[in-house]
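**Student:** I'd like to ask some things about the structure below.
The values are calculated or read from the model by the stated rules, or taken from the named source; none is laboratory data. Model, not experiment: these values are computed from the prediction. For neighbour counting, all protein chains shown are included, and Cβ atoms are generated from backbone atoms with ideal geometry for every residue, glycine included. Side chains included, ligands, DNA and RNA excluded: accessible areas come from the protein's heavy atoms. Shrake-Rupley method; radii C 1.70, N 1.55, O 1.52, S 1.80 Å.
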Amino acid sequence: MAEDDCRGSDFLEWIGPDVSACIFRRLDDPADLVRSAAVSRSWLQFVLEKVGMSMCLQIRPEDANLAKAEEEEVSRSRPTAHAESSHGVELKIRERDYRTYSYVDGALVPTTMPSVDCILNCVGASSTDHFPEESIDNTLVPQDRHPWFDVWQDGPDVFVPSYWSSGGQDDPDAPESLTYRLISDMCIIDEIRLRPFEAYIQPGNPIYSSKSVRFRLGRSKLPRGSEPFLNDENLMALADENYVWTYTSPEFPMLQENVLQPFKLPRPVLCGGVVKVELLGAVQKQAADDRYYICICYAQVIGRSLWPIFMLDICDPVGYSVFKYLPGAKDLYGEDAKCHRIAG
């Protein structure tokens, strides 16, 4: 085609819809799709009709459950056929999904906004050796020991170890897990950090790390605050049927070292407010009973909250949630963020 013929013409019209769709599907970041749709109204229309949210969900499959929940909610309030054509309703749904998810993709782009430790509280552990002395709550404390105060003394009497310990196992491959609630139901997670416990109170100072770790990110089907209080057998709150796990990380090897070890995810991940740390296999036996244990003294989930701009509402007995975008809401990272723990 001569230069004068193609000057001023639309590139997508020039190469045709099939080739254009193939090119768009080569994009490996939803943010690139958003930028392409911003070129012109015709490009936006092409993205909505030919590519749509399906490609974004293929690239970031953890968003799929949020999209399904939104579609479920829309189907209940969809106008009747005589009020508006089905094509018009479908186009509005696509435009709404595109607008909402384009802002989510913008939030996933690296930013100067500070990362924080997003853990709010503990849901529970798969097992605990001695509760509450060795409970999961101890993993929220940076130090591996804390002062024990005698009520009859003015100051601390002694320092006692601070860590979570699994129950003893005869099988070194028996998995354990720690589950945490995050500061909001919409967070972008970059990294998880774990520090194994070095048992300085035992001969040889053994370190009770795991062989490897894996992380599951998702959302709860239960309303916030409805989980039972942490107790020795908090199995009801930990049951997988109470959660939708939208992302599973690769396995990372854990070093048998008394340091805070970072495990960076391959890419930032959208999380619905719950993180499960899976500890895969033990490496250390306790000499006293010849059984395997895993002990963690500190845990961090590093990222940033999207609340109150983005929210998840659970509105269904079976756990469907509605993904809400509230552009007029106040940015979290102001005075309201003072209580959050900045990542060290």
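**Student:** Could you list, in sequence order, the residues of segment 246-304 that are farther than 24 Å from G218 by Cβ and in a strand (DSSP E or B)?
**Tutor:** Residues satisfying the conditions are A282, Q284, K285, Q286, R291, Y292, Y293, C295, C297.
**Student:** Further question on the same structure: Quick check on segment 180-196. Is at least one of its residues charged (D, E, K, R), crowded, with 23+ Cβ neighbours inside 10 Å and farther than 23 Å from V160 by Cβ?
**Tutor:** Checking segment 180-196: at least one residue is charged (D, E, K, R), crowded, with 23+ Cβ neighbours inside 10 Å and farther than 23 Å from V160 by Cβ.
**Student:** Additional query: In segment 175-209, what residues are outside any strand (DSSP E or B), of a type in the set (V, I, T) and closer than 27 Å to Y243 by Cα?
**Tutor:** I183
**Student:** I've got another one for you. In segment 248-270, which residue that is open to solvent by 90 Å² or more (accessible area, probe 1.4 Å) and within 14 Å of the chain's Cα centre (by Cα) is farthest from D144 (Cα to Cα)?
**Tutor:** P266
**Student:** Suppose we filter K211, K276 for residues that are under 19 Å from C118 (Cβ atoms), basic (K, R) and modelled with pLDDT of 95 or more; which single one remains?
**Tutor:** Matching residue, one of K211, K276: K276.
**Student:** Suppose we filter P132, P142, P114 for residues that are more than 22 Å from S305 (Cα to Cα) and either open to solvent by 20 Å² or more (accessible area, probe 1.4 Å) or modelled with pLDDT of 95 or more (or both); which single one remains?
**Tutor:** Every option except P132 fails the conditions.
**Student:** Hey, can you tell me all the residues within segment 303-331 that are modelled with pLDDT of 80 or more, touching a Pro at 6+ places or on another chain (Cβ under 8 Å) and open to solvent by 10 Å² or more (accessible area, probe 1.4 Å)?
**Tutor:** R304, the sole residue that qualifies.
**Student:** Which one is nearest to the chain's Cα centre (by Cα) among residues in segment 287-299 that are open to solvent by 10 Å² or more (accessible area, probe 1.4 Å) and not aliphatic (A, V, I, L, M)?
**Tutor:** Y298
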